[in-house]
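See structure below.
The values are calculated or read from the model by the stated rules, or taken from the named source; none is laboratory data. Model, not experiment: these values are computed from the prediction. Neighbour counts run over all protein chains shown; Cβ positions are idealised from the backbone, glycine included.
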């Protein structure tokens, strides 16, 4: 099974964000789960590194738009690069291919990945699958969104988002949700 981890391009090796992301990747790998990330630097790199070092297979979804913006190439712990032509196609793979999704603290790109995943499940464009957000910041942000827009967001749709305080809770929740349910997914396409 593949878990997509949404994270930031920020976070240098040795920083707390990088260390925590690397630990999450390791925990997922040790749980027998393969990992998909955006494939670049920061916490995406740390996730890939931790998973790779734990023996998991790592996928990185790159794109031409990002290569133009920040020409770094994928990080060295990505085993399978899935190169896409633009951000939209990259997002499509990151949100449609995995069996579960976990989000670390992050910025605008991470928020887009979370909300797209949620919306795809709401409109039944993808089967319901675990969507787990780590950290009090995501809980506060989504609690405010749901509370302030409750007339527009059904309670059942709000329940598609799960929150975890830390890596261990997120991995345990992910394993539990994957075990209890049958999640379908499209086959990973290694080419455009």
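Residues checked against (1) buried (at least 20 other Cβ atoms within 10 Å of the Cβ); (2) within 11 Å of the chain's Cα centre (by Cα); (3) under 19 Å from residue 94 (Cα atoms):
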| position | (1), (2), (3) |
| --- | --- |
| 21 | yes, no, yes |
| 49 | yes, no, yes |
| 56 | yes, no, yes |
| 64 | no, no, yes |
| 71 | no, no, no |
| 78 | yes, no, yes |
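Can you pull out every residue in the stretch 157-179 that is assigned to a loop (DSSP other than H, G, I, E, B) and loosely packed, with under 14 Cβ neighbours inside 10 Å?
If the condition is that a residue be assigned to a loop (DSSP other than H, G, I, E, B) and loosely packed, with under 14 Cβ neighbours inside 10 Å, then 159, 165, 166 are the ones that fit.
Which ones in the stretch 75-91 are out of contact with any strand residue (DSSP E or B) (no Cβ under 8 Å at 6 or more places or on another chain) and over 19 Å from residue 48 (Cα atoms)?
88
Being more than 14 Å from the chain's Cα centre (by Cα) and farther than 16 Å from residue 119 by Cα is the filter here, so list the residues in the stretch 136-145 that pass it.
Across the stretch 136-145, the qualifying residues are 136, 137, 139, 140, 141, 143, 144.
For the stretch 1-43, enumerate the residues that are without any contact (Cβ under 8 Å) to a residue 60 or more places away in the chain and part of a loop (DSSP other than H, G, I, E, B).
11, 12, 13, 14, 15, 32, 39, 40, 41, 42
Determine whether the stretch 119-129 contains at least one residue that is within 15 Å of residue 7 (Cβ to Cβ) and modelled with pLDDT of 95 or more.
No, the stretch 119-129 contains no residue that is within 15 Å of residue 7 (Cβ to Cβ) and modelled with pLDDT of 95 or more.
Condition test on residue 104, is it surrounded by 15 or more Cβ atoms within 10 Å (Cβ to Cβ), in contact with a strand residue (DSSP E or B) (Cβ under 7 Å, 6 or more places away or on another chain) and closer than 23 Å to residue 138 by Cα?
yes
Does residue 190 satisfy the criteria of being exposed (fewer than 14 other Cβ atoms within 10 Å of the Cβ), in contact with a strand residue (DSSP E or B) (Cβ under 9 Å, 6 or more places away or on another chain) and either more than 28 Å from residue 22 (Cβ to Cβ) or at pLDDT below 95 (or both)?
The answer is yes for residue 190.
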